[in-house]
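> Right, I'll just put the structure down here and ask away after.
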Amino acid sequence: MHVVSDVHGNARDLARAGEGADALICLGDLVLFLDYADHSRGIFPDLFGVENADRIVALRTARRFEEAREFGARLWAGIGADRAAVIENAVRKQYAELFAAFPTPTYATYGNVDMPPLWQEYAAPGTTVLDGQRVEIGGRVFGFVGGGLRTPMRTPYEISDEEYAAKIEAVGEVDVLCTHIPPEVPELVYDTVARRFERGSRALLDAIRRTRPRYSLFGHVHQPLVRRMRIGATECVNVGHFAGTGTPWALEW
């Protein structure tokens, strides 16, 4: 199995990500709204230009989220178009290219910047979309939980802690637990470049300790303090950030 997360528009490498593997697993964040490493890439700079992208990244990095929202609102007001429609059209263009790059078979779940209602339109028959669900692959049981928890960033697929915990509970005991966000462990949720703690899941951490899967695989944190650690019997692995590395993580048995 080859596993990727946080693709963020990297369709070129995604098209090769399944080479040599029996299947590909994708743990979400296909969309590239704004590249924090290259502010010229993504939906935001395409609409508003690089200088405005520089400004909003600086505000968010400084955790001045209210100022960032006000700044963004002024930019959108200047466009004079329906914001939701503009974003959806831009996301659709990315999804058309990215889903076409998925090999067969692919098993995928959503990231926090994804738009789940659109996925079924673009997922080919060889792509299985799972969220709060289990599937057997090669004699092993895999559980998938997509999305992220609520933050001041207000990305498209953020849900409550209670709803997220219910999906973790629905998955139950599995061999491999696949999620977009990591368990709530400081070393796994701290981004060393953004210099902030991202949101991890306490319910996921509790499930790992209780059900003891062989692996917990996740992404979301692009430059974590620690990419791999054990929690009891479980090997926890950050399999992102695919947009930057272009290299999948290999799971073999």
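> Report, by chain and number, residues whose modeled amide H sits under 5 Å from the one on G132, excluding near sequence neighbours (fewer than 5 apart, same chain).
Those lying under 5 Å, H to H, from G132 are F144, V145, G146.
> Under a 1.4 Å probe, what is the accessible area of the range 114-198 per residue, stated in Å²? Working shown, then result.
Values: 3890 Å² over 85 residues.
Solvent-accessible surface per residue comes out at 46 Å².
> Relative to the longest principal Cα axis of the chain, at what angle does helix 50-61 sit, 0 to 90 degrees, rounded to 10?
With both axes taken from Cα atoms, the answer is about 60 degrees.
> With a ≥ b ≥ c taken as the square roots of the eigenvalues of the C-alpha gyration tensor of the range 100-217, please select rounded if a/c is under 1.5 and otherwise prolate if a/b is larger than b/c or oblate if it is not?
On the way: a/c = 1.73, a/b = 1.18, b/c = 1.47.
Because a/c hits 1.5 or more and a/b fails to exceed b/c, the range 100-217 counts as oblate.
> Going highest first, how would you order 85-94, 37-46 by mean Cβ packing within 10 Å? Present the calculation step by step, with values, prior to reporting the outcome.
Working: 85-94: 15.1, 37-46: 17.3.
Put in order of decreasing packing, that is 37-46, 85-94.
> What's the center-to-center distance, using Cα atoms, between the range 80-141 and the range 188-253 in Å?
21
> Now for a separate question. Solvent-accessible area of T179, probe 1.4 Å, all protein chains present, reported in Å² to the nearest ten, please.
0
> Show me 204-215, 63-74 ranked by packing, highest mean number of other Cβ atoms within 10 Å first. Walk me through the numbers before you get to the answer.
Values: 204-215: 18.0, 63-74: 14.1.
Answer by packing, highest mean first, reads 204-215, 63-74.
> Leaving ligands, DNA and RNA out of it, report the carbon-plus-sulfur percent of the accessible area of the range 31-185 at a 1.4 Å probe.
Values: 3580 of 7280 Å².
On the range 31-185, the fraction of accessible area on carbon and sulfur atoms equals 49 percent.
> Could you work out the relative contact order of the range 34-148? I mean the mean sequence separation of Cα pairs under 8 Å and 6+ apart, divided by the number of residues, in percent. It would help to have the intermediate numbers written out before the result.
On the way: 101 pairs, mean separation 18.8, N = 115.
RCO, the range 34-148: 16 percent.
> Once a ≥ b ≥ c are taken as the square roots of the eigenvalues of the Cα gyration tensor of the range 3-161, is the result rounded (a/c under 1.5), prolate (a/b larger than b/c) or oblate (a/b not larger than b/c)?
Working: a/c = 2.17, a/b = 1.84, b/c = 1.18.
In terms of gyration-tensor shape, prolate.
> Using the Karplus equation 6.51 cos²θ - 1.76 cosθ + 1.60 (θ = phi - 60°), what ³J(HN,Hα) coupling, rounded to whole Hz, does each residue of the range 148-162 give in order, writing x for Gly and Pro?
Those phi angles translate into x, 8, 5, 9, x, 6, 6, 6, x, 10, 10, 10, 6, 4, 5 Hz.
> Ordered by residue, what ³J(HN,Hα) values in Hz, to whole numbers, does the range 11-21 give under the Karplus form 6.51 cos²θ - 1.76 cosθ + 1.60, where θ = phi - 60° and Gly and Pro are x?
My calculation for the range 11-21 gives 5, 4, 6, 4, 5, 9, 5, x, 4, x, 10 Hz in order.
> Still on this structure, I have one more. Given R₀ = 41 Å, FRET efficiency for S160-R16 by Cβ-Cβ distance, to 0.05?
Working: r = 37 Å, r/R0 = 0.91.
In this case the efficiency is close to 0.65.
> Are there GluC sites (Glu not before Pro) in the range 186-253 that DSSP puts in a loop and that have at most 15 other Cβ atoms within 10 Å, and which ones? Intermediate results must be reported in sequence, preceding the final value.
Details: sites: E187, E198, E235, E252; in loops: E198, E252.
Those satisfying the criteria are E252.
> Additional query: Taking the Cα centre as origin and putting +1 on Lys and Arg beta-carbons and -1 on Asp and Glu beta-carbons, what dipole magnitude results for the chain, to the nearest 20 debye?
Details: 28 positive and 34 negative charges, 98 e Å.
In debye, rounded to 20, the chain gives about 480.
> I've got another one for you. What would the Debye equation give as log₁₀ I(q)/I(0) for the range 181-253 at q = 0.15, 0.24, 0.26, 0.28 Å⁻¹, counting only Cα atoms as equal point scatterers?
Summing over Cα pairs of the range 181-253 leads to -0.47, -1.09, -1.22, -1.33.
> Of L30, L47, L14, which has the largest mean-square fluctuation in a 10 Å C-alpha GNM of the chain?
Residue with maximal mean-square fluctuation among L30, L47, L14: L47.
The values are calculated or read from the model by the stated rules, or taken from the named source; none is laboratory data. For clarity, every value in this text was computed on a predicted model and none was experimentally measured. With ideal geometry, Cβ positions are generated from the backbone for all residues, glycine too; neighbour counts draw on all protein chains shown. Please note that ligands, DNA and RNA were not included when accessible areas were found on the heavy atoms of the full protein model with its side chains. Shrake-Rupley method; radii C 1.70, N 1.55, O 1.52, S 1.80 Å.
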